[in-house]
Amino acid sequence: MIYDSVDLFAGPGGLDMGAAEAGLRPVGIEWDSNAAATRVAAGLATVHDDVRQYVPADFPDAETLLGGPPCQTFTVAGAGAGRRALDLVVGLLHRMAARESIAADLAGLDDVRTGLVLEPMRWALEAIDAGRPYRAIVLEQVQQVLPVWLAYAEILRAEGYSVAVGVLRSEQFGVPQTRRRAVLVARLDGVAVLPAPTHRPYRTGVLQDAGDARLLPWVSMGEALDRLGPFTVISNYGTGGDPKNRGRRTSAEPAFTVTGKISRNRIVAPSGLELPRFSHSEAGQLQGFPADYPWSGNDIAQQVGNSVPVQLGAAIVRVAIGGTVASSVLGVAA
């Protein structure tokens, strides 16, 4: 099999499925044995190993680089090592662009996962230096990583790429969930853009059919899941800083951002009766996976929470490998 794209930190397959929908044949590198088990069960081409042990020459047919490095140290909910290290990470990126060794700096990071966000740049620069640059690059992360993607963009532009960077809202691409992600699209040929939304943005209290008539309505949990009757999801997280003030959404709305703790969310009927909590299959559907996706191994809730929503991935990859329609969503193209 010839693989025309390689996915770093491929997880259980969300971005790969989106890439396949966009017409690519990806192979994914994934270290976690549980996510790798899911990928294999789903029939996705998988290298179960550490991305740091590979170089672009190991995948000579790949012309597109995909990546979603671990985000735990960059998230608001995490310990914050990534946020504290943002300036350091950006500085290391510029040293990489100058072809300096940063091995000692990486060894000194508080959390090794923080340094993994630099891996796609290593792959991109090594491919350039080998005379076989990637034709397109797609990166996705939590929105707190946007400053890192902006530094990536500066470096890739200096290497001859057109780059678009911004924050996308998943529900605007048909995902039945509100989830904001920092995205980078780079193209060696043509103008890089972010994908234009296909669906309306979700706003509390705004009806599903209200808003821009040129866009489709956002997709609700009730439309995505095969449950009998309406329900309300009571979030595991407090709102407004009050842990007792749990957020609520009805089945007529998109889901809250799906995390590895989705099973802690309560689900109740209009009568107040407690209903079964989201199954792994349902959680996956809220990320755009089919109902029969073969989730395997352990920590499935975390696998689902770490995934790239399939429809969002497909939209990003399509514009990366040939899209020309400019986006109206928080993006900057050059």
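The values are calculated or read from the model by the stated rules, or taken from the named source; none is laboratory data. Computed from a prediction, not measured in an experiment: that's the story for all the values here. As a convention, Cβ positions derive from the backbone with ideal geometry for all residues, glycine included, and neighbour counts pool all protein chains shown.
Some notes on this structure:
- Taken over the stretch 4-56, the criterion of being outside any helix (DSSP H, G or I), more than 30 Å from residue 102 (Cα to Cα) and free of Cβ contacts under 8 Å to residues at least 60 places away in the same chain is satisfied by 25, 43, 44, 45.
- Going through (1) among the acidic types (Asp, Glu); (2) under 30 Å from residue 135 (Cβ atoms); (3) in contact (Cβ under 8 Å) with a residue 60 or more places away in the chain one by one, residue 226 falls short only on (2).
- Filter result for residue 162 (of a type in the set (Ser, Thr, Tyr), surrounded by 24 or more Cβ atoms within 10 Å (Cβ to Cβ) and on the phi < 0 side of the Ramachandran plot): no
- Test: residue 186 is under 23 Å from residue 307 (Cβ atoms), among the small types (Gly, Ala, Ser) and modelled with pLDDT of 95 or more: yes
- Every listed requirement among (1) surrounded by fewer than 24 Cβ atoms within 10 Å (Cβ to Cβ); (2) without any contact (Cβ under 8 Å) to a residue 60 or more places away in the chain; (3) not in a strand (DSSP E or B) is met by residue 218 save one, (1).
- Within the stretch 273-286, being within 16 Å of residue 249 (Cβ to Cβ) and part of a loop (DSSP other than H, G, I, E, B) holds for 277, 278, 286.
- Qualifying residue in the stretch 190-203 (condition: farther than 30 Å from residue 65 by Cα and not aliphatic (A, V, I, L, M)): yes
- Considering residues of the stretch 173-188 that are surrounded by fewer than 24 Cβ atoms within 10 Å (Cβ to Cβ) and out of contact with any strand residue (DSSP E or B) (no Cβ under 6 Å at 6 or more places or on another chain) only, the residue farthest from residue 68 (Cα to Cα): 188
- Matching residues in the stretch 129-155 - criterion: being among the acidic types (Asp, Glu) and closer than 16 Å to residue 8 by Cα: 140
- Answer from 150, 139 - the residue that is in contact with a helix residue (DSSP H, G or I) (Cβ under 7 Å, 6 or more places away or on another chain) and modelled with pLDDT of 95 or more: 139
- Total residues in the stretch 100-119 satisfying the condition of being modelled with pLDDT under 80 and among the acidic types (Asp, Glu): the figure is 2.
- Condition check for residue 227: among the basic types (Lys, Arg), modelled with pLDDT under 95 and either part of a loop (DSSP other than H, G, I, E, B) or within 24 Å of the chain's Cα centre (by Cα) (or both): no
- Residue match in the stretch 75-84 (condition: more than 24 Å from residue 287 (Cβ to Cβ), among the polar types (S, T, N, Q) and either surrounded by fewer than 21 Cβ atoms within 10 Å (Cβ to Cβ) or free of Cβ contacts under 8 Å to residues at least 60 places away in the same chain (or both)): no
- The condition (being assigned to a loop (DSSP other than H, G, I, E, B), β-branched (Val, Ile, Thr) and either surrounded by fewer than 21 Cβ atoms within 10 Å (Cβ to Cβ) or out of contact with any Cys (no Cβ under 8 Å at 6 or more places or on another chain) (or both)) is satisfied by just one residue among 191, 138: 191.
- The lone exception for residue 172 - which of (1) out of contact with any helix residue (DSSP H, G or I) (no Cβ under 6 Å at 6 or more places or on another chain); (2) farther than 30 Å from residue 283 by Cβ it fails: (2)
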